[in-house]
Amino acid sequence: MSRLIVRPDTIQSRRILGVRVDDVTLDETIALIAEMIAAGGPHQIATVNPEFVMAAQHNLAFHATLEATTLAVPDGTGLLYAARWQGRALRQKVTGIDLTERLAAESAQRGWRLFLLGAAPGVAEKAAAALSERFPGVVIAGTWAGSPSPADQPAIAEQIRAARPDIVLVAYGAPAQDLWIRRYGARLRIPLGIGVGGTFDDLAGIRPRAPRSIRRLGLEWSYRLIRHPRRWRRIMTAVPVFGWAAWRESRKHKDER
């Protein structure tokens, strides 16, 4: 097995409710990914958002997985606020879809082989078609829906081994996608696995993204909530609780100084 890349000492991390979040920009993430691919594998990137942080409070396996990732990028405006409250701001939000689109552009230039795994049947294929149209020359090594169920692993393994990808983008949702990468990434000799949540739905047009103006304001989560009210219970359970807990944590740290 190829060596596991060591996270550079220059990367500064934040602890938000005990969960590691790395202070990296999108450009820095791409540069680190180039190093990971050159090194071999296995590597793992988590796109951490407030729901991840709250789930990791009681899911010890998920917490351990996030801790073990090569890189934990900040995917969520709430994390930027929490870090700012601590007096240690994160410079940029790095979302799963922005990272995926940038990887497609880099693939067209560098020949990186991308494999799209997960989402509902047919969605990964639509997402791949959208990427191919927007980024001519992108190398889509394969697509497959499957599931994180152990029963589906023989078929997934066959597809991935035949495709020989450099990067596997996994869209099973958290924590399933991240636990899957940690469990199977090394076995399948995947140089880099990245959990990307609902990114394939966004790319396929099943879940349209918020307008750029709304995204710049950090309100994409509210746009999704309006468009998909079924997410109400999940978001309104995790996000306010996260905000309150992160604010209390910041107050406690300031009181201890």
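Just a few scattered comments:
- Taken over the range 175-189, the criterion of being out of contact with any Gly (no Cβ under 6 Å at 6 or more places or on another chain) and either small (Gly, Ala, Ser) or surrounded by fewer than 24 Cβ atoms within 10 Å (Cβ to Cβ) (or both) is satisfied by Pro175, Ala176, Leu179, Arg182, Arg183, Tyr184, Ala186, Arg187, Leu188, Arg189.
- Of all residues in the range 68-97, those satisfying the criterion of being of a type outside the set (Ser, Thr, Tyr), in contact (Cβ under 8 Å) with a residue 12 or more places away in the chain, closer than 25 Å to Pro240 by Cβ and part of a helix (DSSP H, G or I) are Gly78, Leu79, Leu80, Ala82, Ala83, Trp85, Gly96, Ile97.
- Top-ranked residue in the range 67-86 [being touching a helix residue (DSSP H, G or I) at 6+ places or on another chain (Cβ under 8 Å) and among the small types (Gly, Ala, Ser); ranked as surrounded by the fewest Cβ atoms within 10 Å (Cβ to Cβ)]: Ala68
- Filtering Ala64, Ala31, Ala108 for residues that are free of Cβ contacts under 8 Å to residues at least 40 places away in the same chain, in contact with a Pro (Cβ under 8 Å, 6 or more places away or on another chain) and either within 17 Å of Thr199 (Cα to Cα) or surrounded by fewer than 19 Cβ atoms within 10 Å (Cβ to Cβ) (or both) leaves a single hit, Ala108.
- Cβ-Cβ contacts under 7 Å between residues 6 or more apart (or on different chains), taken from a first residue in the range 190-205 that is more than 17 Å from Ala68 (Cα to Cα) and charged (D, E, K, R) to a second residue that is modelled with pLDDT of 95 or more and not in a helix (DSSP H, G or I), are listed as Asp201/Ala119.
- If only residues of the range 71-94 that are among the β-branched types (Val, Ile, Thr) and modelled with pLDDT of 95 or more are counted, the one that is nearest to Val138 (Cα to Cα) is Val94.
- Test: Thr10 is of a type in the set (S, T, N, Q) and in contact (Cβ under 8 Å) with a residue 24 or more places away in the chain: no
- Segments classed as strands (runs of 3 or more DSSP E), wholly inside the range 102-204, with at least 3 members that are more than 14 Å from the chain's Cα centre (by Cα) and modelled with pLDDT of 95 or more: 113-118, 139-144
The values are calculated or read from the model by the stated rules, or taken from the named source; none is laboratory data. Not measured: the values here are computed from a predicted model. All Cβ positions, glycine included, derive from the backbone under ideal geometry; neighbour counts span all protein chains shown.
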